[in-house]
Amino acid sequence: MLKFLASAALLCASFIVSASGYVTHIGQPGDLTLADTNKRQTATIWVDAQANTGIKMAARSLQQDIARVTGLTPVLTSDISDLAGQVVIVGERGHSALVDRLIDADKLAVMAGSDKWEGYQLNHITNPLPGVEQAWVISGYDRRGVIFGIYDLSEKIGVSPWHWWADVPVQNHEKLFIRAGTALSDAPKVKYRGIFLNDEAPALTGMVHEQFGGYNAQFYQHVFELLLRLKANFLWPAMWNNAFADDDPQNMYLANDMGIVMSTSHHEPMMRADKEWNRYGKGAWEYSTNPEELYKFWVEGAKRYKDKEGIFTLGMRGQADTPMSEGENIGLLEKIVHDQREILSDVMDKPLSEVPQVWALYKEVQGFYERGMRVPDDVTLLWADDNAGNVRRLPTQTERERSGGAGVYYHFDYVGGPRSYRWINTVPLGKVWEQMNLSWEYGADQIWITNVGDLKPMELPISFFLAQAWDPERFDAQSPARFTHQWASQQFNGQYTNEITSLLNTYTLQNGRRKPESLSPDTFSVFNYHEAKRISLTLAEAADLAESVYQQIDSEYQDAFFQLVAHPVWATQAVFELNHSQALNALYAGQDRATTSAMAAKVNAWFERDAALTRQYHSIQDGKWNHMMSQPHIGYVHWNNPPANIPPVVHTKALAEPAVANMGVAVEGSAAYWPASDELALPTFTPFGEAERTLTVYNRQAKPFDWTATVSQPWVILSAEQGTVTGDTNVAVAIDWSQLKTGHHTATINVKGTGWGGANVRVLAHKPEITQRPAAGDFLEADGYVAINASNGVVTSNATGSWQKVALHGRTGAAMQAALPPYTSLKPAEAPALEFPVFFTSTGEFPVSLQLSPSLPFDSTTGIKVAVELDGRHVATLALPSQKDKQAWADGVMDNIKHLTTSIEVETSGRHSLSVKALTPGAVLQRIIIDTGGLKPSYMGPLERRK
């Protein structure tokens with residue numbers, strides 16, 4: 001007991017030490033010297049001769065990592081007589097005589113946290129053995145615990161887990177010391193944590209075949225080492241045209257040696273790859289007609305992993321990840337699971353309850369469960385998301401009692417409807433945290449696995465997902481932002497950390513709004529709220545910043561910076577601008593602008609920019625990553641990708657010879673133009689709305705001409721009243737409100753250039769009569785709407801729960817989550833509120849749209865519900881749609897938003913209090929839009945207006 005209490009005290013102290021890192025480069029008295037180039041001295045690394053193969057391999061990696069960092073290679077030995085001075089001792093408790101000897105001699109106390117599955121502890125000890133002054137002891141509950149402890153040290157000395165996979169340079173140091181008195185321990189909260197290599201052709205497959213000759217052990221060693229460095233333990237291997245254990249039998253032996261728990265994907269039962277049936281199966285993949293052959297096929301899978309660590313996938317789907325041909329036949333599937341477990345019982349030399357098994361409740365398989373099919377309690381239920389990051393179902397209170405527990409299968413990549421996404425990272429970390437935190441709170445803690453496609457370029461979300469899986473309780477709603485900053489600092493040795501963090505957040509925010517594969521020219525409005533233009537400017541600033549950092553960062557980091565930061569920023573910009581330019585090209589063609597062809601050239605230039613970025617990616621590191629960006633992503637017209645990037649259709653305009661002048665006039669918010677239309681009007685001005693509107697004078701041919709503009713009322717202000725037009729000239733229009741009384745006002749701008757009479761543009765201004773003034777913080781009615789970012793609301797918590805801001809989530813970069821205990825269902829009077837002071841300048845009944853993340857009602861008993869109140873009066877209770885509403889689901893997945901609508905009655909102008917109350921867990925509110933008569937179509941809605 002005393003030993004345990006002492007270790008607990010050490011554990012508390014250790015987090016103080018580990019928070020700033022236990023490795024230092026300036027030695028203090030009592031510190032252990034890991035390496036000192038000035039003295040040509042390194043600590044000796046000792047590992048038991050009988051140690052597990054994976055531990056020995058990790059110890060060799062540590063030896064190599066120290067050499068990479070310092071240029072000095074430590075001695076790696078299994079001979080205790082070699083130990084003197086400064087040493088690193090590596091051992092698995094109960095399997096390492098030296099570690100056990102230190103424990104028995106009270107030199108090493110077993111610490112809380114290290115005495116469980118994959119737990120490890122790191123201890124600095126003085127005089128542990130005769131002749132040994134100091135030791136750094138890396139010990140663990142089991143072999144992976146020791147391995148994780150080893151790689152923890154590697155990371156602390158300056159070797160990123162992404163050293164090979166993203167060419168992150170090793171941080172070179174002349175001296176490495178371990179702080180005296182350091183003692184810490186850790187262990188994972190989620191038992192199995194891993195990734196699924198999927199949808200891996202053409203990109204990853206092309207690279208693997210060129211670099212390694214196929215999906216063999218030489219390739220997988222890099223995958224396994226990455227997982228271990230990220231403290232993960234689980235893999236579903238590549239399977240599109242591959243069979244892990246059959247392509248190279250050494251794959252499964254290497255995985256077992258290194259400590260990776262293997263399994264097969266959700267539709268590949270019993271450790272047999274889908275493609276193995278194509279190679280060796282006899283008859284149909286149909287258990288109702290061909291049970292004998294399938295049974296024998298599965299027996300071989302069980303035998304193959306009899307003496308290896310793995311999780312057996314149970315059940316059956318159709319080949320190539322399709323539904324069973326028998327439809328939703330529960331009886332047949334129950335028979336399949338029974339027979340598969342019979343095979344395991346016959347083959348394995350241990351009780352069936354000790355053989356890890358999983359039933360993946362993916363797509364239609366969840367329907368079997370919901371209609372009553374059950375598997376034995378020792379089988380883990382693996383719930384799935386909707387392939388777009390929204391978890392479909394989580395354990396009930398009763399299901400949490402099952403001995404096999406539950407897990408979640410998540411997606412960063414997907415092939416299927418409503419639109420595949422496979423090219424670059426589109427995953428906001430706030431969304432990952434929010435959905436996986438829900439999973440944790442609802443007891444899904446046995447398996448977390450995510451589909452990462454080609455692995456690259458998902459480096460950032462993979463790191464985050466696996467870190468959260470290691471210890472979900474250390475992650476909170478602000479962790480996504482903190483993690484991104486820390487990750488950026490680690491990969492680039494503290495260089496330009498703030499700038500790199502901003503770049504990572506900018507491109508993931510944009511891709512989280514709409515995935516590049518789902519973009520079309522009309523996605524973001526070129527008419528209203530300057531929507532497309534605002535995004536264009538933001539991405540242009542990010543692209544310039546990326547170029548600046550790329551040029552200034554240490555040259556050895558440029559390849560890593562290109563892969564992890566610059567390419568996704570520039571590629572995101574290229575595809576957005578391709579669509580943006582295409583939209584403007586169509587608009588200009590419809591308005592008969594001479595600049596139509598110039599905009600067509602921009603479309604083609606952005607298409608070539610995308611291709612050039614791909615070529616650059618494929619050329620770095622002497623072609624190491626050739627093929628990795630070969631996934632087609634331009635030209636989608638349905639769910640599946642086109643065969644290649646398809647150049648878009650553009651409009652061009654022929655110009656008269658010899659050149660002539662021909663004026664056109666257009667106004668903001670409309671496709672109409674003069675002279676084709678005499679009904680041009682700028683959007684109405686209001687006091688709290690847009691300060692300026694734009695009219696455009698342009699040439700419909702090639703010869704320049706002079707123009708003039710005059711106003712009919714002195715309260716209309718123009719940024720220019722005359723000029724010469726060659727292409728397009730924008731004129732800003734503003735209002736001098738001091739000249740206007742309350743009410744509606746109309747004026748005209750007359751633009752003369754070529755053509756008879758010129759264009760007349762109406763200017764409308766509405767100055768409402770208001771008896772009170774808005775206060776600081778009020779959300780203002782402006783231009784016929786009220787726009788509110790939920791993250792700017794005022795939280796009113798109570799004993800039951802609250803709302804909390806989630807960083808890096810939603811269209812504005814922050815969203816509000818209903819923070820309630822699992823399984824809660826409240827009445828509005830009991831619920832915590834998110835309150836918004838709203839200042840109205842008009843009265844009436846107004847539609848209200850709540851924009852929520854497209855979460856799914858994962859708890860069918862509660863759903864996901866919120867209540868809306870105005871001035872303390874209940875307005876409506878709203879619920880996210882049922883999962884049976886397939887159109888609502890598809891729209892939500894494409895738009896990354898769902899709209900819940902109601903209406904409010906505003907009887908007086910002035911300040912009112914609008915509240916949204918959290919009735920159940922799961923709601924994530926992003927924005928509120930109130931249409932007071934002037935709301936115009938756009939993807940994201942107008943910008944928020946506040947006093």
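The values are calculated or read from the model by the stated rules, or taken from the named source; none is laboratory data. Remember, it's a predicted structure, so these values are computed and weren't measured experimentally. FYI the Cβ positions are ideal-geometry reconstructions off the backbone, even for glycines, and counts take in every protein chain you see.
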Give the residue that is nearest to residue 434 (Cα to Cα), with candidates limited to residues of the range 897-931 that are surrounded by fewer than 21 Cβ atoms within 10 Å (Cβ to Cβ) and of a type in the set (S, T, N, Q).
901
With respect to residue 931, determine if the residue is under 27 Å from residue 843 (Cα atoms) and among the charged types (D, E, K, R).
yes
Residue list for the range 108-123, restricted to those being crowded, with 21+ Cβ neighbours inside 10 Å and either within 12 Å of residue 91 (Cβ to Cβ) or in contact with a Gly (Cβ under 9 Å, 6 or more places away or on another chain) (or both)
108, 111, 114, 118, 119, 120, 121, 122, 123
Are there any pairs with C-beta distances below 8 angstrom linking a residue in the range 539-559 that is in contact (Cβ under 8 Å) with a residue 60 or more places away in the chain to a residue that is part of a helix (DSSP H, G or I), with the two at least 6 apart or on different chains, and if so which?
553/561; 559/620; 559/621
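So is residue 761 closer than 24 Å to residue 943 by Cα, out of contact with any Gly (no Cβ under 9 Å at 6 or more places or on another chain) and surrounded by 18 or more Cβ atoms within 10 Å (Cβ to Cβ) or not? Step through it out loud before you land on a result.
On the way: closer than 24 Å to residue 943 by Cα: no; out of contact with any Gly (no Cβ under 9 Å at 6 or more places or on another chain): yes; surrounded by 18 or more Cβ atoms within 10 Å (Cβ to Cβ): yes.
When the stated conditions are applied, residue 761 does not pass them.
Quick one: is residue 815 at pLDDT 95 or above, within 19 Å of residue 874 (Cβ to Cβ) and buried (at least 24 other Cβ atoms within 10 Å of the Cβ)?
Numbers: at pLDDT 95 or above: yes; within 19 Å of residue 874 (Cβ to Cβ): no; buried (at least 24 other Cβ atoms within 10 Å of the Cβ): yes.
Taking the combined requirement at face value, the residue does not satisfy it.
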If residue 337 satisfies every condition in (1) within 26 Å of the chain's Cα centre (by Cα); (2) surrounded by fewer than 22 Cβ atoms within 10 Å (Cβ to Cβ) but one, which is the exception?
(1)
If we ask which residues in the range 110-137 are under 21 Å from residue 256 (Cα atoms) and touching an Asp or Glu at 6+ places or on another chain (Cβ under 8 Å), their number turns out to be 4
Among the listed residues 508, 501, 484, identify the single one that is among the β-branched types (Val, Ile, Thr), under 30 Å from residue 803 (Cβ atoms), surrounded by fewer than 22 Cβ atoms within 10 Å (Cβ to Cβ) and at pLDDT 95 or above.
501
Just to confirm my filter: which helices (runs of 4 or more DSSP H) fall fully inside the range 200-292 and include at least 2 residues that are polar (S, T, N, Q) and in the same structural domain as residue 413 (by TED's automatic domain parsing)?
203-212, 217-229, 250-258
Considering every residue within the range 570-577, establish whether at least one is assigned to a helix (DSSP H, G or I), on the phi < 0 side of the Ramachandran plot and in contact with a Lys or Arg (Cβ under 7 Å, 6 or more places away or on another chain).
yes
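Of all residues being among the aliphatic types (A, V, I, L, M) and in a strand (DSSP E or B) in the range 38-92, which is surrounded by the most Cβ atoms within 10 Å (Cβ to Cβ)? Just the residue, please. Working first, answer last.
In the first step, residues of the range 38-92 are kept if they are among the aliphatic types (A, V, I, L, M); the result is 43, 45, 47, 49, 51, 55, 57-59, 62, 66-67, 69, 72, 75-76, 80, 83-84, 87-90.
Checking the rest, the ones that are also in a strand (DSSP E or B) come to 45, 47, 76, 87-90.
Numbers: 45: 25, 47: 27, 76: 18, 87: 27, 88: 27, 89: 27, 90: 29.
Only one residue tops the list, namely 90.
From the list 848, 786, 763, 838, which one is assigned by TED's automatic domain parsing to the domain that holds residue 736, closer than 30 Å to residue 743 by Cα and either without any contact (Cβ under 8 Å) to a residue 12 or more places away in the chain or more than 24 Å from the chain's Cα centre (by Cα) (or both)?
Working: 848 fails: assigned by TED's automatic domain parsing to the domain that holds residue 736; 786 fails: assigned by TED's automatic domain parsing to the domain that holds residue 736; 838 fails: assigned by TED's automatic domain parsing to the domain that holds residue 736.
Sole residue among the options that is assigned by TED's automatic domain parsing to the domain that holds residue 736, closer than 30 Å to residue 743 by Cα and either without any contact (Cβ under 8 Å) to a residue 12 or more places away in the chain or more than 24 Å from the chain's Cα centre (by Cα) (or both): 763.
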For the range 110-129, what are the residues that are out of contact with any strand residue (DSSP E or B) (no Cβ under 8 Å at 6 or more places or on another chain) and either in a strand (DSSP E or B) or modelled with pLDDT of 95 or more (or both)?
116, 117
If you take the residues in the range 165-199 that are assigned to a loop (DSSP other than H, G, I, E, B) and among the hydrophobic types (A, V, I, L, M, F, W, C), which one is farthest from the chain's Cα centre (by Cα)?
180
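This table checks each residue for (1) basic (Lys, Arg); (2) touching a residue at least 60 places away in the same chain (Cβ under 8 Å).
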{"position": "306", "(1), (2)": "yes, no"}
{"position": "331", "(1), (2)": "no, no"}
{"position": "343", "(1), (2)": "no, yes"}
{"position": "349", "(1), (2)": "no, no"}
{"position": "372", "(1), (2)": "no, no"}
{"position": "381", "(1), (2)": "no, no"}
{"position": "386", "(1), (2)": "no, yes"}
Checking the conditions here, which among 308, 303, 296 is assigned to a loop (DSSP other than H, G, I, E, B) and in the same structural domain as residue 448 (by TED's automatic domain parsing)?
308
